[in-house]
Structures are given as C-alpha cells and as structure tokens.
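These notes are about the structure you will find just below.
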Amino acid sequence: MKYMKEFRGHFSSRPAFTAREADLFLRNRGSSSGYHKLVIHNMLSRKEIYRITKGNYTFHEDVQMVGFGFEPFYYGLEDALSLRNMWEQETNPVVITPHKVRIGLRQFQGRNFIVRRIDRRMFFGYSYIQYGDYYIPVSEAEKTFIDLIYFNVGLSGELITTILSKIDKKVLYGLLKEVPTWLTDRVKKIVNEFK
C-alpha cells in the first residue's frame, strides 16, 4: 500500500493516534477521502496496530498506553501509587479523565484497565514521568491521596500511614484550596486521625 512506510514512521513513534489524525496525514499526501479506514482496518487485521477505544489506536501492546485514547487524562489512584513507587503492588492502569466516557473496567490486549471520570474542576495535580520511551501524566502523590478519598477507594490504615509519610503536607493543604469543601473536610479528618 502506498504511504505505509511514512505512516508507520510517523505514528509508531507516538503513544497513540486517532482516526482523524490518520485521515489528515494520508490526505495531505494525496490519498482519497476515507482511505485511512482501509489502512486502519488492514493494520488491525495484521495486528500491527491495536484499538484502544473507538477512533483511537496505538502501535504498542503495552496496556499503559491506553490513557492516550482518553486525552486529556492522567493515571491515578492505585496505578499512581505504583508508578510513583509508593507501594510495590502491581495494579491495572487507572485512567482519570474529565471527558464524558463510559467508566469502569475495560480490556486492552487481554489486560484490564479502569476508566474513571472526574469533575473538570478536579482535573489538576499531575505531572509527567518517564515510562519507557514516553512521558506519561501521573497524579502527584498529594493529589493521589485526595483522589483516593474523592473516589471513595477503601484504604487500609497501613496504606494511609504509608502515603502520609511520603507526601508533603504543605503541598497537600495547598491542593485542598482547589477542591470542594466536603472533600477538604474528609481529607483533613483522615490526616488528623493518622497523625
């Protein structure tokens, strides 16, 4: 197929790409409208690319790339604890996005991942860390703690103690100025219980 070497070179160096990006790329090289659908179909059939969600694809089999199908997003909750070396348990990727998407457990290449939706006002408190050849957005330790309470994730006393020993309380209280009052009260109550 025409343009395939260029197509592979352009998109395989990225964590993910959309059908729209593929269409624009191919049309800028002279292909007909809709040709991208044939290219994507054939590449999916040959397992050269993998579908993350409708209209979002990746060349990579690594489940940690799924978040790029839900941009904007960050990895959070238990996944962030693992990625930031705050605990040693292996977890499923947890994608947090402000988009109105179907939430819950999903699968990618036989591996589970979880999608959670967060209020747009709560979509902050993350930074990029290196993961393989890419930088991925992961919630900061303090925001991870806030999100665990926001999403009402059952936390053991031992885990709370571990997290609180690794976070900066000044940063935590600074972030609490950005969240709803009910959440600020719950976080402060838990912090006070584990002093």
Calc'd 3J(HN,Hα), the stretch 119-128, phi into Karplus 6.51 cos²θ - 1.76 cosθ + 1.60 (θ = phi - 60°), Hz, glycine/Pro = x, comes to 4, 4, 5, 9, 8, 7, x, 10, 9, 9
Taking a straight Cα-to-Cα line shorter than 20 Å from Lys188, and setting aside same-chain aspartates and glutamates fewer than 8 residues away, one finds Glu140, Glu142, Asp147, Glu158, Asp168, Glu178
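Report the trypsin sites (Lys or Arg not before Pro) located in the stretch 60-124 that are in a DSSP loop and have at most 11 other Cβ atoms inside 10 Å of their Cβ, or state none.
On the way: sites: Arg84, Lys100, Arg102, Arg106, Arg111, Arg116, Arg117, Arg120, Arg121; in loops: Arg84, Lys100, Arg102.
Those satisfying the criteria are Lys100, Arg102.
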Taking neighbour counts of Cβ atoms within 10 Å as a proxy for exposure, in what order, fewest first, do Glu21, Glu178, Glu193 appear? Glu193, Glu178, Glu21
Residue-averaged [θ]222 nm for the chain, counting only DSSP H segments that reach four residues, each worth -39500 (n - 2.57): -11000 deg cm²/dmol
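Looking at the stretch 61-115, which GluC sites (Glu not before Pro) are in a loop (DSSP not H, G, I, E or B) and have at most 16 other Cβ atoms within 10 Å? Intermediate results must be reported in sequence, preceding the final value.
On the way: sites: Glu61, Glu78, Glu88, Glu90; in loops: Glu61, Glu88, Glu90.
Filter output for the stretch 61-115: Glu61, Glu88, Glu90.
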Formal net charge of residues neighbouring Tyr134 (Cβ-Cβ distance under 15 Å; K, R +1; D, E -1): -3
Simple spin-label model, 7 Å along Cα-to-Cβ: Glu6 to Leu155 in nm? 5.2 nm
With respect to the cross-link table entries Lys100/Lys189; Lys47/Lys100; Lys100/Lys166; Lys143/Lys189; Lys100/Lys177, which display a Cα-Cα separation exceeding 21 Å? Lys100/Lys189; Lys47/Lys100; Lys100/Lys166; Lys100/Lys177
With no solvent and one point per C-alpha, what does the Debye sum give as log10 I(q)/I(0) for the chain at q = 0.14, 0.16, 0.17 Å⁻¹? -0.82, -0.98, -1.07
Explain nothing, just compute: Karplus ³J(HN,Hα) = 6.51 cos²θ - 1.76 cosθ + 1.60, θ = phi - 60°, for every residue of the stretch 169-174 in order, whole Hz, x for Gly and Pro. 5, 5, 5, 4, 5, x
What is the set of long-range amide H partners of Ile129 at a cut-off below 5 Å, with H atoms built 1.01 Å from backbone N? Ile136, Val138
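Every read-out reported here was derived from the displayed coordinates using simple, explicitly stated rules and does not represent laboratory data. Only a predicted model underlies this, so the values are computations on that prediction, with no experimental measurement involved. Cβ sites come from the backbone with ideal geometry, for glycine too, and all protein chains shown count toward neighbours.
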